[in-house]
1. Compute the angle between helix 111-146 and the longest alpha-carbon principal axis of the chain, please, reported from 0 to 90 degrees and rounded to the nearest 10.
2. How large is ³J(HN,Hα) for each residue in region 73-90, as worked out from phi by the Karplus curve 6.51 cos²θ - 1.76 cosθ + 1.60 (θ = phi - 60°), to whole Hz, x for Gly and Pro?
3. Please state the charge dipole magnitude for region 94-147, taken about the Cα centre, from unit charges on C-beta atoms (+1 on K and R, -1 on D and E), reported in debye and rounded to the nearest 20.
4. Using the Cα atoms of the chain to build a convex hull, what is its mean projected area in square nanometres?
5. Run the numbers on region 2-146 and let me know its relative contact order in percent, using alpha-carbon pairs under 8 Å that are six or more apart.
6. As I understand it, the value is the acute angle between the Cα axis of helix 2-29 and the longest principal axis of the Cα atoms of the chain; what does it come to in degrees, rounded to 10?
7. Any idea what the dipole of region 2-146 comes to, in debye rounded to 20, about its Cα centre with Lys/Arg Cβ at +1 and Asp/Glu Cβ at -1?
8. In deg cm²/dmol and to the nearest 500, what is the mean residue ellipticity at 222 nm of the chain if only DSSP H runs of at least 4 residues count, each as -39500 (n - 2.57), divided by the residue total?
Amino acid sequence: MTHVAQAAALAAALVSLAAGVLGTWRWWRVEPSSAFWVLCRLSQALLVVQALVAGVLAALGFHPADGLYWLYALLPIAVSFVAEQLRVTSAETVLDDAGLENAQAVGELDEGRQRSVVLAIVRREMGVMTAGAFVVAFLALRAWGTA
């Protein structure tokens with residue numbers, strides 16, 4: 001059972017780490033990336049799989065080497081949820097900084113300013129999700145090491 005727990009944790013960690021690295025690179029270069037978002041969503045799916053595996057293993061009587069395994073297996077979902085909430089509020093922050101009341105107000109700007117605001121929103125969202133991906137990768141690696 002240990003190998004199953006480790007495999008689920010390692011898969012989640014590697015995909016999250018890949019999302020973090022790609023997100024960092026594209027954020028630094030100020031280039032939006034659909035591949036980054038795909039990796040983020042895949043990472044989130046693997047976090048759910050990891051939690052489900054942990055639940056099934058707990059029901060089967062699995063006893064990890066360290067009791068912290070349970071925390072490390074479940075906490076990444078909470079971190080990912082918080083990152084998503086921060087991502088949502090980051091768009092509002094950019095709009096507030098630009099002096100815009102809502103997303104519809106962006107449409108009233110000239111084309112260059114629209115692109116600037118949208119790029120600022122996407123970049124901030126990528127930054128938040130990239131940070132979340134690194135935290136989740138660390139936690140999943142801890143789950144792998146404590147299983």
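1. The answer is roughly 10 degrees.
2. Whole-Hz 3J(HN,Hα) from phi for region 73-90: 7, 9, 4, x, 5, 5, 4, 5, 5, 4, 4, 4, 5, 5, 4, 5, 6, 5.
3. 440
4. Mean projected area of the Cα convex hull: 9.1 nm².
5. Computed over region 2-146, the figure is 45 percent.
6. 20
7. 520
8. Helix-only estimate at 222 nm: -29500 deg cm²/dmol.
FYI, it's all coordinate maths here, none of it is from the lab. Since the structure is predicted, the reported quantities are computational estimates derived from the model, not experimental observations. Counting neighbours? That spans all protein chains shown, and the Cβs are built from the backbone with ideal geometry, glycine included.
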